[in-house]
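To start, the structure under review is shown below, and the notes come after it.
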Amino acid sequence: MLLSPKLVLWHLKQKYILHASGRLTSEPCLKYAVCPRAEEPFSGGLIYIAGKLLPEFAKSPLRSLMILTGPQNPELLKHCPNVCFIPGADPVDLLEFAGQIFQKYEEWNQALFESRMMNGSIQSLLDMTGSVIPNPMLLIGMDFTIVASRGTPFSELPSSVLGSTEETADLILSLKQDPNYEAAFHRVGYFYYSGNGIAAPSLCVNIRRFDRTLYRLLITQGEVPLDDTFGFLLEYLARIISHALSTNIVDSHDVRHQLHQIFHTILTDSSADYVEISRHLTDYGWLSSHYYLCIFLKTELLDYKNLTHRSIISYIENILPASCALEHRGNIVVYINLELCQFSESEIEQKLASFIRDSFLNAGYSRRMLGHFNFYRQYVQASLSLKTGSRKYPHRWIHRFNDIALTYLLEEATKKLPAYMVCHEKLLHLKYESENGQSQLYQTLRCYLNNHQNATKTANELFIHRSTLLYRLDRICRCLGSDLSDPDELLYLLLSFRLIDMEEQK
């Protein structure tokens, strides 16, 4: 296996005190080490161990390494690349140690090859790499699914997804907002990611397919440096792993279990057999006698760019027992079995509130409903809660259907016809008179209905005498052709006031 001058010198520094040129090649080009003889011609791609500089090396140093055991020459170190001085070292010992370095990497390379021949796991590839790169190592999907890891604190995460717990949620949030992390999606070859205060610095290689980054192999701080010394080894391992991924030997962490399939069918198949769905849900323990809640989470462009949907889904399912979250049309839909969940509705909202806010999400909550036959309607209700609530209360990030039900009802009533064509026709006549300064009957009727037809309270609120109010009410009744005793008409009048107000606000 070819090694780079920079890597070989890193190993030599672990045993010897040396002085090296400031220009060391990080490209793998060295095959083995020799002690040159006078009659042998110079050949590139070798480590030469000698007492003085070979003239031939000075002409073509970039693909070789010269280790000199004589006195240090600062001028030579300054002007010639890939030169190293180890004054007084035994050339035979140097030759033997260099051979051990090459043997170490050759054994690692052979182990990788044999693992691939036997269809070994990706985890085994990372484990055997510990012999040459002992730093913590992680292979992660760009949706934050952990494929394999060694020496990291993420090995035992629930669902094997970063961001799936309260301890790791901040990490995903920090990456989502980090422009350097987003830019790293397009990097080719090994690169250094500087971290962001929460995410640790790392040396990374993107594993790409069809010109798109799907996985990332990385090492974090440890025994070896996070620079180009070990970069080419990480690239080499990434190519081996890419082959393993192409043969599908990695365990899939995609959501496949029964509940997700059921709810995916509910949301996408309008012809689904709900009787069959109910039977499957019952088999899973979600009974028709249970109450359910649906939450609609609208994600941001950052979630799309950084593929954080999987992390959000896993986080919700881990903190909320008896929940099922899935991606739908770029957003996230959550169903919660309120009978099996350990928390009340208010506790559920409290547990999610800070996460929703910190993750720049917006949420719509449905009403709690009984049984299996309202799941799609609950999804519609939750999405309407968010859609209508965002217009009515733009400063909020959580919207409940009960808070916007009347607004939704009024908006639906005026979808095809404007308010003035839907509301009480004779009420409009009172409104026009009021706008022209001809009467105050419109305001009087509104106050009277708002006070539940209490004449005394209405007169006090309008600062008029009771007899004046009764006179106005008599005129109102004659204008409307009503005695204001029919409940349906009273409801129609109240709704008409709201429709007119909504039209004026528009």
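A simple rule links phi to the HN-Hα coupling: the Karplus curve 6.51 cos²θ - 1.76 cosθ + 1.60 with θ = phi - 60°, which for segment 39-44 gives 7, 8, x, 6, 9, x Hz, with x for Gly and Pro.
Across segment 486-495, coupling constants 3J(HN,Hα) worked out from phi with the 6.51/-1.76/1.60 Karplus curve, θ = phi - 60°, read 7, x, 5, 5, 4, 5, 4, 5, 5, 5 Hz, and Gly and Pro carry x. Looking only at the chain, where both bridge partners belong to it, what percent of the DSSP beta bridges are antiparallel (to the nearest 5)? Here the antiparallel bridges make up roughly 75 percent for the chain.
Computed 3J(HN,Hα) for segment 233-243, one whole-Hz value per residue from the Karplus formula 6.51 cos²θ - 1.76 cosθ + 1.60 where θ = phi - 60°, is 5, 5, 5, 4, 4, 4, 5, 5, 5, 4, 5, glycine and proline marked x.
Computed packing ranks the peptides 119-127, 146-154 as 146-154, 119-127, most packed first, by mean other Cβ atoms within 10 Å.
Which pairs in the list 15/59; 31/176; 351/387; 6/52; 351/506 are over 31 Å apart, alpha-carbon to alpha-carbon? Cα-Cα > 31 Å for 31/176; 351/506; rest within.
Among the GluC sites (Glu not before Pro) within segment 122-197, those in coil by DSSP and having at most 11 neighbouring Cβ atoms inside 10 Å are 156.
Among the chymotrypsin sites (Phe, Trp or Tyr not before Pro) within segment 331-377, those in coil by DSSP and having at most 14 neighbouring Cβ atoms inside 10 Å are 373.
Net charge dipole, segment 340-407: roughly 260 debye, given to the nearest 20, about the Cα centre with Cβ charges of +1 for Lys and Arg and -1 for Asp and Glu. For segment 28-130, applying the loop criterion from DSSP together with a ceiling of 13 other beta carbons within 10 Å to the trypsin sites (Lys or Arg not before Pro) yields 37, 52.
Annotation: amide H-H contacts under 5 Å for residue 215 (H modelled 1.01 Å from N, sequence separation of 5 or more, or interchain): 142, 207.
Report the far tail of the P(r) of the chain, meaning the percent of Cα-Cα pairs longer than 40 Å. Roughly 51 percent, once rounded to a whole number. Where only DSSP H runs of four or more residues are counted, the chain gives -14500 deg cm²/dmol as its mean residue ellipticity at 222 nm, each run worth -39500 (n - 2.57). Magnitude of the charge dipole for segment 252-403, about its Cα centre and with charges confined to Cβ atoms of Lys, Arg (+1) and Asp, Glu (-1), is about 600 debye. Excluding ligands, DNA and RNA, the accessible surface per residue across the chain is 50 Å² with a 1.4 Å probe. In this structure the amide hydrogen of residue 32, modeled in the peptide plane, comes within under 5 Å of the amide hydrogens of 47, none closer than 5 places in sequence on its chain. Quick one: work out the % antiparallel among DSSP beta bridges in segment 1-82, nearest 5. Within segment 1-82, antiparallel bridges account for around 10 percent of the total. To put it simply, the accessible area of the chain at a 1.4 Å probe is 52 percent carbon and sulfur.
The values are calculated or read from the model by the stated rules, or taken from the named source; none is laboratory data. Source: prediction; values computed, not measured. Backbone-built Cβ (ideal geometry, glycine too); neighbour counts: all protein chains shown. Ligands, DNA and RNA are excluded from the accessible area calculation, which covers all protein heavy atoms including side chains. Shrake-Rupley method; radii C 1.70, N 1.55, O 1.52, S 1.80 Å.
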